[in-house]
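Trainee: Quick one: the structure is below, and I'll ask about it shortly.
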Amino acid sequence: MNSEFTQFKLSEPILKGVLEAGFKAPSPVQKDAIPLVLNGEDIVAQAHTGTGKTAAFGLPIMSMMEHNIGVEVLVVAPTRELAMQVSDELFKLGRHAGVKTVTVYGGQSYSRQINQIENGASILVATPGRLIDLLESKKITINPKFVVLDEADEMLDMGFLDDIRKILKFVSKEAQTLLFSATMPPPIKKISQEFLKNPKYIQITERETTNKDISQEYYVVEEKERQDAAIRLIDYYDPYKAIIFCRMKREADALSNTLLAKGYPSKALHGDMDQREREAAIRGFKSGAVEILVATDVAARGLDIADVSHVFNYHIPFDPESYVHRIGRTGRAGKKGIAITLVTPMEFRELQRIKKIVGTTIEQKFIPSRQDVKDDLNQKILTQIEKQKIHAKAPDLITILEEEMELSHIAFKLMSMLIDGQTVSGPEKIGLDAHNIQKVLDRFKRDRNSGGKGRGGKRGGSRGGNPNYKGKNNSSSRGRDRSKARPRSDKN
């Protein structure tokens with residue numbers, strides 16, 4: 001069998017599911033966690049979404065299941081979206097072993113979920129609130145052999161700490177318990193010490209806190225320029241699939257509506273949407289019908305989409321952990337990703353604090369001008385023409401046109417049609433130029449050296465571009481004609 005997963009001595013049905021899923025080599029968290037879980041150890045693992053942690057706990061657990069005692073495995077996840085994703089992945093990996101998963105979360109029928117559990121579910125994946133309701137009302141009784149707390153720090157942030165404690169008191173102390181968390185704040189460490197039995201720790205080093213496959217950039221803009229800056233960067237980078245993080249629900253709605261009006265397939269995702277709307281937005285984003293998801297932090301928690309090419313921080317997040325969580329939505333499964341943060345001079349100090357605590361490099365760049373984007377679009381036209389296959393009808397149409405004009409004139413007209421189809425919105429220049437950014441940097445250094453609480457720089461002088469602009473990305477930019485579908489084969 002052509003897979004490094006054979007080293008773990010997984011059961012044959014589970015290994016078959018691994019091979020069918022195309023897994024070749026284990027990720028670092030899988031390599032460390034699988035042997036420990038198979039050995040019966042409780043573990044505490046620091047691992048971000050997208051590092052393969054579902055397989056890290058799912059594969060060894062499913063290899064040890066007996067399939068004759070009802071719910072053997074309980075997985076607790078912070079959001080319904082993550083719960084559904086975990087459930088789906090476990091089902092796919094374990095289908096040859098007869099694994100039956102059930103997902104339990106709020107907003108759905110109690111009776112339907114209870115029936116699914118009673119009809120032979122072996123793995124229960126649940127959000128804390130609905131699970132507590134079912135357990136405390138005694139609508140269900142479970143005695144799992146394995147308990148997994150997935151994204152424990154997210155559950156802490158969402159106020160589920162007491163629910164976690166209640167849930168763990170409902171299960172046997174003999175259950176093998178696995179805790180996964182992107183960060184390890186004191187309350188999570190306390191939970192692990194209180195409820196886990198001599199847990200083994202899987203640590204991620206500081207330099208691994210942010211994924212090396214993610215290129216991180218920031219752009220300094222004025223507050224009033226945020227929307228123009230985001231649209232300009234979308235035009236320039238041509239993201240295959242992007243998430244834009246906003247602080248407020250109304251901000252997410254406003255930006256999504258603006259993008260839609262300009263022809264970008266976009267949807268908002270926030271807490272005021274009902275479950276049907278949320279699921280439709282996520283489904284559209286997964287399928288590619290929605291290319292840009294404009295989301296708040298809470299709504300996007302636990303969202304696990306494998307092929308996000310770009311993450312935009314429309315506003316800088318409030319804390320370093322949120323920054324790590326946000327940008328971790330891209331650069332998955334060995335693919336490259338780009339994380340872009342918009343900051344104002346007033347927010348510059350916060351950016352430096354995040355850089356220091358996270359221990360990462362975020363490169364300062366300049367917003368491309370309208371002309372920069374047009375030049376890039378023109379280069380794309382040339383590339384498209386070079387790659388374009390000649391249609392069987394093309395010679396006939398050229399022959400007809402040659403009766404009226406010279407061949408060179410035909411070429412000029414056709415090229416002009418393509419150029420006219422490319423539009424770039426917004427002002428020519430967006431963001432601070434090199435001179436004014438240097439002022440912001442100098443003020444920050446002075447404030448830091450003096451130990452003062454400087455408020456960041458104010459922009460002086462006029463807005464302008466940088467003649468040494470180096471913000472180009474090698475990925476091609478899409479044509480502006482949004483009415484036509486564009487091929488996906490070169491984007492995967």
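The values are calculated or read from the model by the stated rules, or taken from the named source; none is laboratory data. All values reported here derive from a predicted model rather than from experimental measurement. Note: ideal-geometry Cβ built from the backbone for every residue, glycine included; neighbour counts use all protein chains shown.
Trainee: Please name all residue pairs, on different chains or six or more residues apart, with Cβ atoms under 8 Å, provided the first residue is in region 379-397 and is within 18 Å of Phe412 (Cα to Cα) and in the same structural domain as Leu407 (by TED's automatic domain parsing) and the second residue is at pLDDT below 85 and assigned to a helix (DSSP H, G or I).
Mentor: Ile381/Met415; Ile381/Leu418; Ile381/Ile419
Trainee: Output the residue which, of all residues in region 7-35 that are part of a loop (DSSP other than H, G, I, E, B) and not small (Gly, Ala, Ser), is farthest from Ile61 (Cα to Cα).
Mentor: Filtering first and then ranking leaves Lys24.
Trainee: OK, next. When you check Lys389 against the structure, is it assigned to a loop (DSSP other than H, G, I, E, B) and charged (D, E, K, R), yes or no?
Mentor: Against the criterion (assigned to a loop (DSSP other than H, G, I, E, B) and charged (D, E, K, R)), Lys389 qualifies.
Trainee: For region 347-379, enumerate the residues that are in a helix (DSSP H, G or I) and farther than 19 Å from Ser322 by Cα.
Mentor: The answer is Arg370, Gln371, Asp372, Val373, Lys374, Asp375, Asp376, Leu377, Asn378, Gln379.
Trainee: To continue, here is another question. Starting from region 17-42, keep only residues that are polar (S, T, N, Q), then list their pairs with residues that are assigned to a loop (DSSP other than H, G, I, E, B) whose Cβ atoms are within a distance under 7 Å, requiring at least 6 positions of separation or different chains.
Mentor: That search, which allows pairs on different chains as well, returns Ser27/Thr51; Ser27/Gly52; Gln30/Gly52.
Trainee: Do any residues in region 357-378 that are modelled with pLDDT of 90 or more have Cβ atoms under 6 Å from those of residues that are surrounded by fewer than 17 Cβ atoms within 10 Å (Cβ to Cβ) and among the aromatic types (Phe, Trp, Tyr), where the two are at least six apart or on different chains, and which pairs are they?
Mentor: Here the result reads Phe366/Tyr469, each pair linking region 357-378 to a residue that is surrounded by fewer than 17 Cβ atoms within 10 Å (Cβ to Cβ) and among the aromatic types (Phe, Trp, Tyr).
Trainee: Does Glu428 satisfy the condition of being exposed (fewer than 10 other Cβ atoms within 10 Å of the Cβ), charged (D, E, K, R) and not in a helix (DSSP H, G or I)?
Mentor: In short, no.
Trainee: Now a separate question. Which residues, taken from region 145-163, are modelled with pLDDT of 95 or more and surrounded by 20 or more Cβ atoms within 10 Å (Cβ to Cβ)?
Mentor: Within region 145-163, Phe146, Val147, Val148, Leu149 qualify.
Trainee: Any chance region 255-268 includes a residue that's buried (at least 19 other Cβ atoms within 10 Å of the Cβ) and closer than 27 Å to Asp150 by Cβ?
Mentor: Yes, some residue in region 255-268 is buried (at least 19 other Cβ atoms within 10 Å of the Cβ) and closer than 27 Å to Asp150 by Cβ.
Trainee: Could you please tell me which pairs satisfy a Cβ distance under 8 Å, a separation of 6+ or placement on different chains, a first residue in region 221-240 that is closer than 18 Å to Leu293 by Cβ, and a second residue that is in a helix (DSSP H, G or I)?
Mentor: Correct list of pairs: Gln227/Leu255; Gln227/Thr258; Ala230/Leu255; Ile231/Thr258; Ile231/Leu259; Ile234/Leu259; Asp235/Val373.
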